[in-house]
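Read-outs throughout are calculated quantities, based only on the coordinates presented, and are distinct from any laboratory measurement. A quick note: this is a predicted structure, and the numbers were derived from the prediction, not measured. Here the Cβ positions follow ideal geometry from the backbone for every residue, glycine too, while neighbour counts run over all protein chains shown.
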Amino acid sequence: MELNEKNYITESLLASMQIKKSELFFNYHEHSRVHNPYELEARTMEGIRKGDVERVIKSLDETFTGEYGILSKSSLQSAKNLGIIGLTLASRAAIGGGMPYEKAFSLHDSQVLRLEEINNIGEVEVMIRQSKIQYAEMVHELRSGCDRKKNLLIEECKNLIFRKMHTKIIIRELADELEVSVEYLSALFRKTEGICIKDYITKEKVQLAENMLIYSQYSIEQIALYLGFNSQSHFGSVFKKHENMTPKQYRDNFAKKM
């Protein structure tokens with residue numbers, strides 16, 4: 001990092017940055033422009049952190065006298081840049097609310113990639129809104145079991161599971177990496193989460209499959225292989241057991257609506 005600073009941060013670069021900042025400040029004052037209030041953003045993030053879906057929706061629907069900043073000469077790119085910032089803040093708020101960080105980071109990355117494909121400002125704004133509400137809903141789901149005592153070992157186990165979602169997950173390998181016995185991990189997981197590890201893994205894989213079926217262009221066979229299922233038919237039977245419809249029916253029903 002220090003080497004990069006010495007090589008790339010020159011006096012001329014610092015001077016140009018200062019000039020740009022001065023021009024920007026002058027432009028805002030000249031046109032009496034005011035940013036949207038911080039309190040509005042804070043209310044949204046607090047709603048996500050608490051899993052309060054109604055509060056998030058209410059804050060997103062608020063009107064304000066200020067306006068969003070301009071982060072690019074292109075209005076579309078500016079909307080995308082603002083969206084990326086909003087998604088980043090939302091993902092961190094969700095982590096603060098108890099969402100496993102690997103899950104939050106992966107969801108954030110997939111949302112940003114999706115955002116890059118959109119070529120309409122209105123669609124960008126709708127996607128950002130839906131994504132923030134989605135974070136609140138996921139935190140709410142996690143907090144619905146708030147009577148369960150949070151356990152750091154189990155939280156690390158869940159993060160480990162999410163990092164291995166594209167493989168066939170072996171419980172013994174999880175226990176080995178966490179340096180505990182299979183019996184201890186299985187018993188503690190069920191006690192803490194109210195579900196056995198195997199069922200939790202399946203549930204998480206089905207949820208990720210749902211997201212991929214709606215938002216990605218991957219074939220059902222590719223999704224099955226990516227998620228570590230033995231075959232497309234095995235994936236289909238597991239998915240249908242959880243969702244009462246085949247992966248193809250799910251994609252046909254929900255991808256069109258999105």
Inset, instruction - Could you rank the peptides 96-109, 208-221 by their average count of other C-beta atoms within 10 Å per residue, with the highest value first? - result: 96-109, 208-221
Inset, instruction - With a/c under 1.5 counting as rounded, go ahead and sort the range 114-241 into rounded, prolate or oblate using the C-alpha gyration tensor (a ≥ b ≥ c being the square roots of the eigenvalues; past the cut-off, prolate if a/b is larger than b/c, else oblate). - result: oblate
Inset, instruction - In nm, give the distance between the simple-model label positions of His242 and Thr88, each being 7 Å from the Cα along the Cα-to-Cβ direction. - result: 3.1 nm
Inset, instruction - Between Asp109 and Glu179, take the C-beta separation as r, use R0 = 41 Å, and let me know the FRET efficiency to the nearest 0.05. - result: 0.90
Inset, instruction - Mind pulling up the Rg/Rh value for the range 194-257? Radius of gyration and Kirkwood radius, both on Cα. - result: 0.96
Inset, instruction - For a quick protection proxy, order the peptides 128-141, 241-254 by their average other-Cβ count within 10 Å, most packed first. - result: 128-141, 241-254
Inset, instruction - Mind ranking 77-90, 187-200 by how tightly packed they are, going by the mean number of other C-beta atoms within 10 angstrom, highest first? - result: 77-90, 187-200
Inset, instruction - Filter the cross-link list Lys132/Lys241; Lys58/Lys164; Lys158/Lys241; Lys132/Lys240; Lys58/Lys168; Lys58/Lys80 down to pairs whose alpha-carbon distance in this structure exceeds 32 Å. - result: Lys58/Lys164; Lys58/Lys168
Legend entry - Two-site FRET efficiency, Asn120 against Leu188, from Cβ-Cβ distance with R₀ of 45 Å, rounded to 0.05: 0.40
